[in-house]
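This report concerns only the one structure given below.
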Amino acid sequence: MNKPSINGSIKNSGNGVHEFNNTKDNFRHYLNIIRANILPVAIITLIFIILTVIYVFYAKDIYRSSATIKINRPQGSVLSSSLIPEFQDFITDRYISNEIEVLKSYKIREDVARNLLDSFKVLQDKNKFYYIFNQNNNNSETISITALADILSAIVKIDQKRGLDIVDIVVESPARYEAMLTANLYSKVYQDFSLDLSREELTNLTRYLQEEKEKKYQDLTRSENDIEAYQQNGGLILLDAQVKNLVDNISQLEAQKNAASIELNAKEKEYESLSGELKRIDPTLIDYIKSKVDELYINEVQADIAELESKRDIEASIPEDEALRQKTIRDYNKKIEPLQQTLDLKFQSLKNSLFSGTPEERRLVAQKVLDAEVGVQSYETKYNTLSRMLGKYEEQFSKLPTQSIEFAKLERKKKATEKLYLILEEKFQEAKINERIKLGTVLVIAPGIEAARPSKPNRVLIVFMGVLLGLASGLGFAFARNYFDHTVKSPDEIENRGIGVLSWIPTIDEIKSKIPQHEFIVMNNPKSPPAEAFKALRTRVEYSKLGENPIKTILLTSSVPSEGKTTISVNLAGSLAQADKKVLLLDCDLRKPRVHSLMEIERFPGLSDYLFSNATLDEITRESGLKNLEIITSGTIPPNPSELLGSKQMKQFFDKLKGIYDYIIIDSPPFISVTDAEILFRIADGTILVLRAGKTPADAFYRTCDKLMSIDQHNFLGVVFNNFSYKSAYGYYYNYYYYYSRPDGKPNLNGKSDKISDPDKISKN
């Protein structure tokens, strides 16, 4: 029967069973890694729990207060047409986004900080404040306005409710009163700021409309006088219906064109004022904004919107049927709306790209410049579109009869001036009213209130997350430690490579006493788990080769030093002797012998002395203190141990011993280090390879196995796992896989029967 390759994988003809076993083995492997590192995992988890509990204990309660405001979008331009009051500007998030940036600006934070400090000074209970009072100042001085403004940027969050003109001002502070006061002051300061700004704009607008209204009144008076003079001179008094309709359309367009001119003039003045301020801060930003707004795509969309609006206004002003008029407006608005939305999205994208990295002190001014530049472009496009449309009507007008043209010109001028004057008069009166009542765009819907309970920290959640993080870190440490640990740790590892495990020996606590004789555990503590393990090893050795040539000479070696092979040799020999077998323990480690010190006997004379004919067999054979067990020590360390062990005298010596003893247990040097063990391997009937769990390097161990099996795979009996802790990992071997034997046939220490239930586990062949 051929042994499987050491480096190969175990094959199974039943795929379903094989996959199930693989899954089971993988789960068991991961579980064993955790069990092997249970102490560090527990310590790491405990550290995280302690740190989390300390944090939770000392963490300050944070209270949240929220003020809700509604920001009304102002009436777009200074001359929104009153001819069609049903048409509403398209509501977008752009204006709200601008106002949120205003709310976040340093100017607002500074005013809020100033008001907070004023409230702090007049309030007697200073404990109601946390951020305002500087805890580290022994002079009990309050924090500066600048420092408090910086703190506000961190503790105040301003968010728009999606799709609404509603904005939440959320403040968090360890002091519940401070959180409530800050939220309310934020809404109050912004409301006052918006009101002052609106009033200033209304004052400027009123003054501007007054000037324009007076100019148009004078123009209207002149137009009326011109018509009166023309009629007194015998001119045409009435126009026919077709000419009258043409004149009405032209006057309508002229009124819109003049209104657009006024709007354009106002926006240009606003732009000049704002751009001058921005030039002082960042001159390059002005040119960049202008280049982006001047993009051809934007101009084309603006032109389409302007043309549709003009056509809508003209057609809506003609029908006397109100239902038809409303239908005309709705039809045009459906065409305008997607264009307006596209334009707004384009400007929002432009704004995001322009101001993403702009410092706060420049951002607010730059946004206003952008809005003003967009307004200038919009009214320029509208003015040009109206001029183009007016030109088409002018061509029709020029074809009128000569007598009608003169009067039509006067009538057209009068109507256009009259319509524009009426628009200016209406807007002037609205501006005057708004200025008197101080109409603002901000409404406080819900003021902030003192929170009844803290919003954070969520102590239960934090502790829970601390436990999870601790477990994750501990498990991460365990798996990382296993990944970087290149030693052989479990019987599974080698059995999965086709290498048989004879037995495993649990940790012998007596070794810690540093008394060599205590390592002879089968004699000193025969009922201990290690002694039971040696009995199991004895049983497997006895049945490892059955037939005409039973095993008599058994070599014990290891891959590297300090694997515990001498301890295994001594106790295996003792266990065989306890089974009424005549056993010889032969120390063939002629380089670093240890049997004599472990058994506390003299090293001289020994094996080397006998081979050099300096002593007889009787002289080198010593009693062990255990019935049926005799010992031959190494003797004098020779200069050439390999040559001595491979000599003819050594073979003759073995032949002589086989006639005397039932078993000869040979302790040898590590297999890789020197050739001594390889020489003995060729002489012995069977070889046991000892490894120390968690200490033997895997590459050295598998290299040794390859070497042994390449020489004579039938001579290689299997592996003994030494110093294997079943309590911390892979304990299922102790409870399930292996069965210890007791001479009386009674259950052993773990409650299992001592009968060997699986003969295949006994024999290697």
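Remarks
- Flag for Tyr661 being modelled with pLDDT of 95 or more, under 20 Å from Glu563 (Cα atoms) and either out of contact with any helix residue (DSSP H, G or I) (no Cβ under 7 Å at 6 or more places or on another chain) or surrounded by fewer than 18 Cβ atoms within 10 Å (Cβ to Cβ) (or both): no
- Breaking point among (1) closer than 24 Å to Glu600 by Cβ; (2) modelled with pLDDT under 95, for Arg538: (2)
- Remark: Asn628 matches the filter, which requires a residue to be farther than 17 Å from Asp589 by Cα and modelled with pLDDT of 95 or more.
- Meets criteria (in a helix (DSSP H, G or I), at pLDDT below 90 and surrounded by 15 or more Cβ atoms within 10 Å (Cβ to Cβ)) for Ala478: no
- Every residue from the stretch 487-496 that is in a loop (DSSP other than H, G, I, E, B) and either of a type in the set (A, V, I, L, M, F, W, C) or surrounded by fewer than 17 Cβ atoms within 10 Å (Cβ to Cβ) (or both): Val488, Asn496
- Exclusive hit being touching a Gly at 6+ places or on another chain (Cβ under 7 Å) and either buried (at least 24 other Cβ atoms within 10 Å of the Cβ) or part of a helix (DSSP H, G or I) (or both), set Ser569, Ser608, Ser575: Ser608
- Scanning the stretch 433-471 for residues that are under 22 Å from Lys213 (Cα atoms) and surrounded by 15 or more Cβ atoms within 10 Å (Cβ to Cβ), we see that the one that is modelled with the lowest pLDDT is Glu435.
- Ile683 vs. criteria surrounded by fewer than 22 Cβ atoms within 10 Å (Cβ to Cβ) and at pLDDT below 95: yes
- Qualifying residue in the stretch 12-19 (condition: under 39 Å from the mean Cα position of the chain (by Cα) and at pLDDT 85 or above): no
The values are calculated or read from the model by the stated rules, or taken from the named source; none is laboratory data. Note that the structure is predicted; figures quoted are calculated from it, not measured. Quick reminder, even Gly has a Cβ in these numbers, built from the backbone with ideal geometry, and neighbours come from all protein chains shown.
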